[in-house]
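Inspection log for the structure reproduced underneath, given as structure tokens.
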């Protein structure tokens, strides 16, 4: 995400739309062997997200649909779980960290997980676009309010 933070708003918006296109193409290849109804739901939701734009009020339902579909699809392809240590081994204090429960995925599950991770990247990019747009709007209001105060003083 560090790379995206350095992009202008125009370029970030374009890259977000491009990532949606990439995810749509990846889903259409159907390496995860999704069922036809699931693939149709995902494709339609991604098309709507792309066509309406990532900040449109109408896309909230589409985002939820995609998240639910991918979550449930990955859960169906989860074979079990294994514990993984996330931390370091300190010579003086021993193991410092935590144990995470990581899913064991089938081949299809791994392909679905890749789709899910790519979608999460799109959501993070969308959040960054929204923050930049909001900041621009707020800064414009501050500028307008500041100019009004200056005109009021000069009129008096």
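So, in region 92-123, exactly how many residues are assigned to a strand (DSSP E or B) and either touching a strand residue (DSSP E or B) at 6+ places or on another chain (Cβ under 8 Å) or at pLDDT 95 or above (or both)? Walk me through how you get there before you give the answer.
Here is the first cut: in region 92-123, the ones assigned to a strand (DSSP E or B) are 94-105.
If we keep only those that are either touching a strand residue (DSSP E or B) at 6+ places or on another chain (Cβ under 8 Å) or at pLDDT 95 or above (or both) as well, we get 95-105.
Here the count works out to 11.
For region 25-41, indicate whether the set of residues that are under 15 Å from the mean Cα position of the chain (by Cα), part of a helix (DSSP H, G or I), buried (at least 17 other Cβ atoms within 10 Å of the Cβ) and in contact (Cβ under 8 Å) with a residue 24 or more places away in the chain is non-empty. Even if it seems obvious, please write down each step before you answer.
Initial filter on region 25-41 (under 15 Å from the mean Cα position of the chain (by Cα)): none.
No, because not a single residue in region 25-41 is under 15 Å from the mean Cα position of the chain (by Cα), part of a helix (DSSP H, G or I), buried (at least 17 other Cβ atoms within 10 Å of the Cβ) and in contact (Cβ under 8 Å) with a residue 24 or more places away in the chain.
Residue check, residue 89 against (1) at pLDDT below 95; (2) over 27 Å from residue 3 (Cβ atoms); (3) surrounded by 11 or more Cβ atoms within 10 Å (Cβ to Cβ), all met but one. Which one?
Result: residue 89 passes all but (3).
With the structure loaded, tell me whether residue 56 is exposed (fewer than 13 other Cβ atoms within 10 Å of the Cβ) and either in contact with a helix residue (DSSP H, G or I) (Cβ under 9 Å, 6 or more places away or on another chain) or part of a helix (DSSP H, G or I) (or both) or whether it fails that test.
Values: exposed (fewer than 13 other Cβ atoms within 10 Å of the Cβ): yes; either in contact with a helix residue (DSSP H, G or I) (Cβ under 9 Å, 6 or more places away or on another chain) or part of a helix (DSSP H, G or I) (or both): yes.
Yes; evaluated as a whole, the condition is true for this residue.
The values are calculated or read from the model by the stated rules, or taken from the named source; none is laboratory data. No experiment lies behind these values; they were computed from the predicted model shown. Methodologically, a virtual Cβ is constructed for each residue, glycine included, from the backbone with ideal geometry; neighbour enumeration extends over all protein chains shown.
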